[in-house]
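S.K.: Input: one structure, supplied below.
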Amino acid sequence: MTQNKMPQHVAIIMDGNGRWAQKKGKIRTFGHKAGVESVRAAVRFARQNNIKSLTLFAFSSENWKRPAEEVGVLMDLFNFVLNSEAKKLNKNDVRLKIIGDTSRFDPKLVTKIQKAEQLTENNTALILNIAANYGGRWDIVNAAKQLVKSNLQAGKTIDEIDEQDFHQFVSLADQPELDLLIRTGGEHRISNFLMWQCAYAELYFTDTLWPDFDEQAFQLAVDDFAERQRRFGLTGEQVGEQG
Ligand code: IPE
Ligand code: IPE
Ligand code: MG
């Protein structure tokens, strides 16, 4: 397998925790807790396979509409994981970044996030992006707002704005382009995840529920990716005979 067949940036919609728990006769939040081990496995896999960026969808801007008790458990879990994992990530040369609108979180949680980001900011082996209170449409609107502000300062006209100008204000712009988007849990949709960044990502859907997604399952996704021919609008002949 040639090096360029390995994705540099992988994003995962970690879906299926609730159904995993219900299948076992447990309450939904049991599945969220079990899902933490899959997060650890995914980080290990990414780290060992030289993936440069791993972006995990942990909580969407729409997930606030779930029952308050479930939202509470998810927030507690986020807190707990930040406490228990930040030092370990740092030891493993992993840089942690939170993407999303964190202004809606408890100020104590925001401080914890900032501390963990600062602690790991010089690490280079892997960037672990956690999408929390993230929405793809929020990301695009947020970029538009920043672009308008910066253009007002730079004195550019609206007609001079191009994709590159816009791109620099979207989440993850400083990282490799998204190569592979995985969704566990059997649904075939984006659910307002990385809409701008998905433009040319390869999509991989698996019925495996998130708490069952282990390193082997991640390997299957990466193997599938390696078989794809990415054409970026060109013809198969133009990009060669791969895939
Ligand atoms: C994904 O699992 C985790 C979050 C959205 C926080 P779900 O909780 O959506 O699990 P299902 O899809 O209901 O099984
Ligand atoms: C997407 O899963 C969000 C996360 C995995 C955090 P959802 O379970 O919220 O998506 P829908 O509601 O099935 O589209
Ligand atoms: Mg779901």
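Nothing in this text is a laboratory measurement; each read-out follows from the coordinates by a stated rule. Everything numeric in this text was worked out from a predicted model, so none of it was measured. Backbone-built Cβ (ideal geometry, glycine too); neighbour counts: all protein chains shown.
S.K.: How large are Rg and Dmax for segment 90-243 when only the alpha carbon atoms are used, in Å?
M.R.: When restricted to the Cα atoms of segment 90-243, Rg and Dmax are 18.4, 55 Å.
S.K.: With +1 on each Lys and Arg Cβ and -1 on each Asp and Glu Cβ, how big is the dipole of segment 38-90 about its Cα centre, in debye rounded to the nearest 20? Present the calculation step by step, with values, prior to reporting the outcome.
M.R.: On the way: 8 positive and 5 negative charges, 85 e Å.
Result for segment 38-90 is approximately 400 debye, rounded to the nearest 20.
S.K.: Full extension from Arg228 to Asn92: what is 0.36 nm times the residue separation minus their Cα-Cα distance, to one decimal in nm?
M.R.: Roughly 45.9 nm would be gained on extension.
S.K.: Given Ile161, Ile27, Ile113, which one lies farthest toward the positive end of the charge dipole of the chain, if we put +1 on the Cβ of every Lys and Arg and -1 on the Cβ of every Asp and Glu?
M.R.: Ile27
S.K.: Here is a further query. If we count every other residue with Cβ under 14 angstrom of Val71's Cβ, Lys/Arg +1 and Asp/Glu -1, where does the sum land?
M.R.: Around Val71, the surrounding residues sum to -1.
S.K.: While we're looking at this one, here's another question. If R0 is 22 Å, what FRET efficiency do you get for Glu187 and Asn49 from their C-beta distance, rounded to 0.05?
M.R.: Efficiency, rounded to the nearest 0.05: 0.30.
S.K.: Still on this structure, I have one more. Just want the ordering: His188, His9, from fewest to most Cβ atoms lying within 10 Å of their own Cβ.
M.R.: Fewest-to-most Cβ neighbours within 10 Å comes out as His188, His9.
S.K.: According to the square roots a ≥ b ≥ c of the eigenvalues of the Cα gyration tensor, what is the shape class of segment 14-74, taking rounded for a/c under 1.5, prolate for a/b larger than b/c otherwise, and oblate for the remainder? Mind dumping the intermediate values first?
M.R.: Numbers: a/c = 3.15, a/b = 1.67, b/c = 1.89.
Verdict is oblate for segment 14-74.
S.K.: If you don't mind, another one. In the chain, once you exclude exposed GluC sites (Glu not before Pro) (DSSP loop, at most 15 other Cβ within 10 angstrom), what's the longest stretch remaining?
M.R.: Longest stretch, sites excluded: 1-61.
S.K.: While we're looking at this one, here's another question. At 24 angstrom or more along the helix axis (alpha-carbon based) and mean Kyte-Doolittle of 0.0 or higher, what helices does the chain contain? Whole DSSP H runs only. Before the final figure, lay out each step's value.
M.R.: On the way: long enough: 28-48 (31 Å, -0.43); 68-91 (35 Å, 0.06); 136-154 (27 Å, -0.32).
What comes out of the filter, once short or polar helices are dropped, is 68-91.
S.K.: Counting Lys and Arg as +1 and Asp and Glu as -1, each charge on the Cβ, what is the dipole of the chain about the Cα centre in debye, to the nearest 20?
M.R.: Using Cβ point charges on Lys, Arg, Asp and Glu, the chain gives about 1020 debye.
S.K.: Using a Gaussian network for the chain with springs between C-alpha atoms less than 10 Å apart, which of these wobbles most: Thr102, Thr206, Thr157?
M.R.: Thr157
S.K.: What order do you get for 12-19, 41-48 when each peptide is scored by the mean count of other beta carbon atoms within 10 Å, highest first?
M.R.: Peptide ranking by packing, descending: 12-19, 41-48.
S.K.: Still on this structure, I have one more. Could you let me know the centre-to-centre spacing of segment 54-107 and segment 147-226, using Cα atoms, in angstrom?
M.R.: Using only Cα atoms, the two centres lie 19 Å from each other.
S.K.: Per-residue ellipticity at 222 nm for the chain, helices alone: DSSP H runs ≥ 4 residues times -39500 (n - 2.57), over residue total, nearest 500 deg cm²/dmol?
M.R.: Value at 222 nm, helices only, nearest 500: -13500 deg cm²/dmol.
S.K.: Which order results if Trp196, Trp20, Trp64 are arranged by neighbouring Cβ count within 10 Å, fewest first?
M.R.: Values: Trp196 18, Trp20 25, Trp64 12.
Ordered by Cβ neighbours within 10 Å, fewest first: Trp64, Trp196, Trp20.
S.K.: Applying 1/(1 + (r/R0)^6) with R0 = 22 Å to the Cβ-Cβ distance of Lys115 and Asp174, what FRET efficiency is obtained, to the nearest 0.05?
M.R.: Step by step, r from the Cβ atoms, then E = 0.60.
S.K.: Here's another thing I want to ask about it. So what is the diffusion coefficient of segment 75-160 in µm² per second by Stokes-Einstein at 10 °C and 1.306 mPa s, using a Kirkwood Rh over Cα pairs? Present the calculation step by step, with values, prior to reporting the outcome.
M.R.: Numbers: Rh = 14.7 Å.
Reported coefficient: 108 µm²/s.
S.K.: D for segment 196-243, whole µm²/s, Stokes-Einstein with Kirkwood Rh over alpha-carbon pairs at 25 °C and 0.890 mPa s: what number?
M.R.: For these conditions, the coefficient is 194 µm²/s.
S.K.: Additional query: Roughly speaking, what is the stretch gain from Glu160 to Glu70, that is 0.36 nm per residue apart minus the C-alpha to C-alpha distance, in nm to one decimal?
M.R.: 27.8 nm
S.K.: Only counting other Cβ atoms within 10 Å, I'd like Tyr204, Tyr134 sorted with the fewest neighbours first. Could you put the intermediate results ahead of the total?
M.R.: Values: Tyr204 19, Tyr134 25.
Lowest count first: Tyr204, Tyr134.
S.K.: Also: In the calculated pair distance distribution of segment 48-119, what percentage of Cα-Cα distances lie above 21 Å?
M.R.: Values: 747 of 2556 pairs.
Above the 21 Å cut-off, segment 48-119 has 29 percent of its Cα pairs.
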